[in-house]
1. Tell me the label-point distance for the pair residue 20, residue 46, using the 7 Å Cα-to-Cβ offset, in nm and rounded to one decimal.
2. Step by step: find N for the chain, compute 2.2 N^0.38 Å, then divide the Cα radius of gyration by it. What's the final number?
3. Report, in degrees rounded to the nearest 10, the 0 to 90 angle that the Cα long axis of helix 2-17 makes with the longest principal axis of the chain.
4. Gain in length, residue 131 to residue 91, computed as 0.36 nm per residue apart minus the alpha-carbon separation, to one decimal in nm?
5. What is the percent of Cα-Cα separations in the range 83-139 that go past 13 Å?
6. Could I have the simple spin-label model distance between residue 100 and residue 72, label points 7 Å from Cα toward Cβ, reported in nm to one decimal?
7. Any idea how far the Cα center of the range 105-120 sits from the one of the range 21-99, in Å?
8. If each DSSP helix of 4+ residues adds -39,500 (n - 2.57) and the sum is divided by the residues in the chain, what number results at 222 nm, nearest 500 deg cm²/dmol?
């Protein structure tokens with residue numbers, strides 16, 4: 001499990017440093033990566049292209065790992081993420097990644113799930129819910 005955790009930490013670190021330290025070795029040739037808000041990348045070449053292109057438009061400021069949960073062929077990673085796009089927009093959310101591994105410990109699939117950090121109790125003031133008047137997050 002430590003090898004898998006090291007590989008996940010390396011993936012997060014690549015984003016923080018905007019440097020590819022081995023994407024083609026980390027992902028299987030036909031890997032699938034699904035972001036929490038919808039985009040889906042098929043194949044290690046496409047994942048590398050997305051990584052290179054995205055890092056020309058934005059910067060990952062924080063990607064902190066909170067915990068790992070392992071099974072034989074899967075890892076779940078709970079994390080906090082914050083980025084800033086070149087247009088000044090800042091995005092931050094809690095998330096989880098569900099990762100499926102090959103027998104040679106390459107990532108076969110990675111699916112992200114997001115959770116809004118701006119949480120509240122809609123029943124704080126009584127039995128009738130009061131929801132915040134804001135646009136929903138994109139995930």
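We did not get these values from a lab; they are worked out from the coordinates using the rules stated. Just so it is clear, the structure is predicted and the values come from calculations on it, not from any experiment. Cβ coordinates were reconstructed from backbone atoms using ideal geometry, including for glycine residues, and neighbour counts include every protein chain displayed.
1. Going from the residue 20 label point to the residue 46 one covers 1.6 nm.
2. 1.17
3. Taking the Cα atoms of the chain, the angle to 2-17 is about 70 degrees.
4. 12.3 nm
5. Values: 1190 of 1596 pairs.
Counting pairs separated by more than 13 Å, the tail of P(r) holds 75 percent.
6. Each label point lies 7 Å from its Cα, and together they span 1.5 nm.
7. For the range 105-120 versus the range 21-99, the Cα centre distance is 8 Å.
8. Estimated from H runs of four or more residues: -6500 deg cm²/dmol.
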